[in-house]
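Every number here is computed from the coordinates shown, using simple stated rules; none is lab data. None of the values given here were measured: they were computed from a predicted structure. Glycine also receives a Cβ, built like all others from the backbone with ideal geometry; neighbour counts cover every protein chain displayed.
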Ligand code: PEP
Ligand code: CO
């Protein structure tokens with residue numbers, strides 16, 4: 001890679017930086033982080049890239065999901081197991097819907113640093129730095145809690161390592177309890193308002209899953225079920241500390257995650273994040289929001305993937321249900337005209353965030369599903385593949401997003417609203433979302449055959 005070193009990003013302008021007070025204290029932490037073993041391996045990263053190359057061609061489908069921001073308190077066996085279960089269940093539903101390999105990528109094992117639209121927060125006339133994620137500072141509103149503390153970077157590493165360790169253990173154990181029939185009870189779905197096709201689809205999929213249980217005992221080759229991990233690569237000192245050459249491979253790998261991504265607020269072409277990401281061998285995600293211009297997107301892809309390597313760049317578009325139709329087609333056309341290989345995926349969460357009159361940050365199930373449906377249709381019309389979806393979700397029954405068959409109303413948001421950052425789909429909303437898109441993909445396949 002030309003004129004690139006793991007620290008060449010430092011010569012560029014950094015957006016969303018972190019105001020540490022004591023450089024020496026930060027440096028000490030970074031020296032330690034550099035000496036610690038990687039969280040993932042280069043061969044896992046290369047395998048993911050190969051699978052993503054299949055998604056670019058429409059032969060595999062990426063399911064990426066997890067919390068907006070992980071918390072250290074959430075690093076418990078119950079919460080980690082529940083994140084895996086929801087992703088696994090969603091992936092089985094999607095497998096049935098699109099009959100393709102599903103690539104599972106969690107927003108976990110490092111999703112501890114957040115970009116914010118406002119650097120400062122004011123309450124009752126007191127102004128403090130914004131909360132930036134557990135790896136940076138604390139959510140409580142006091143000067144001590146909001147101070148950027150370098151030691152939290154190490155805590156972030158330990159919690160990521162413990163999460164990864166437990167995930168690897170669960171996967172090796174084959175998730176035996178996943179296949180208990182009652183775990184597939186879809187009775188919570190209120191089908192009375194739904195059309196006949198959807199009802200039929202739900203019945204077929206329930207039967208299919210039960211059939212797999214009976215015949216295979218444990219669905220397919222679970223021993224080989226893989227979960228990859230991803231997070232927004234926002235804190236470049238943290239990413240750099242774990243970026244290294246590995247034996248017998250000529251490239252640098254960022255071994256904090258299989259697939260780090262660049263956020264919508266830090267994807268500026270002349271910035272430090274794009275500089276860092278252009279030099280690593282990992283597949284890289286890039287959020288694509290409503291301000292992205294077609295030429296800019298083409299230039300960014302060429303910088304991130306100068307060899308046009310398939311599976312290397314994952315575009316995660318996030319416009320909002322009311323903007324996607326306006327924005328996406330021209331971007332697809334520009335990327336097609338430049339002959340660039342990318343995986344197109346849709347994040348239907350971040351363009352659909354609203355604040356209620358009572359001041360609660362939320363998202364409507366219908367807007368999320370609406371943006372996804374449009375994404376499928378637009379890619380179909382443009383002759384490209386929607387190669388994946390990106391959700392903020394949890395396996396718990398929180399009340400953060402509104403709607404779905406039995407999801408909370410606006411008045412019910414307060415019942416169990418837990419997130420300190422963005423609102424997530426809860427267990428039932430996530431399953432229902434997947435059923436809806438699986439049915440859509442299933443229908444699209446039948447039409448294609450006709
Ligand atoms: C996120 O994924 O949590 C996020 C902040 O997204 P975006 O960069 O798309 O706003
Ligand atoms: Co978010």
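See the values below:
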{"read-out": "Acute angle (nearest 10 degrees) that the helix 42-56 long axis makes with the longest principal axis of the chain, alpha-carbon atoms", "value": "50"}
{"read-out": "Extension reserve of the residue 417-residue 445 stretch, reckoned as 0.36 nm per residue once the Cα distance is removed", "value": "6.3 nm"}
{"read-out": "Nearest-0.05 FRET efficiency for residue 27 and residue 246, computed from C-beta distance (R0 30 Å)", "value": "0.80"}
{"read-out": "Label-point gap, in nm, between residue 203 and residue 326 - each point 7 angstrom along Cα→Cβ", "value": "4.3"}
{"read-out": "Segment residue 147-residue 172, length gained on full extension (0.36 nm per residue, minus Cα span)", "value": "5.0 nm"}
{"read-out": "Highest to lowest packing among 431-438, 201-208, scored as the average C-beta count within 10 Å", "value": "431-438, 201-208"}
{"read-out": "Acute angle (nearest 10 degrees) that the helix 427-449 long axis makes with the longest principal axis of the chain, alpha-carbon atoms", "value": "70"}
{"read-out": "Distance-filtered residues of region 1-20 - backbone nitrogen under 19 Å, label point 7 angstrom along residue 34 Cα→Cβ", "value": "4-12"}
{"read-out": "Alpha-carbon gyration tensor eigenvalues x 5, square-rooted, for region 61-156, Å", "value": "34, 14, 11"}
{"read-out": "Folded to 0 to 90 degrees: helix 23-35 orientation relative to the chain principal axis, Cα", "value": "60"}
{"read-out": "Antiparallel DSSP beta bridges within the chain, as percent of all bridges there, nearest 5", "value": "20"}
{"read-out": "Gain on full stretching of the segment that runs from residue 196 to residue 303 - 0.36 nm per residue minus C-alpha separation", "value": "33.7 nm"}
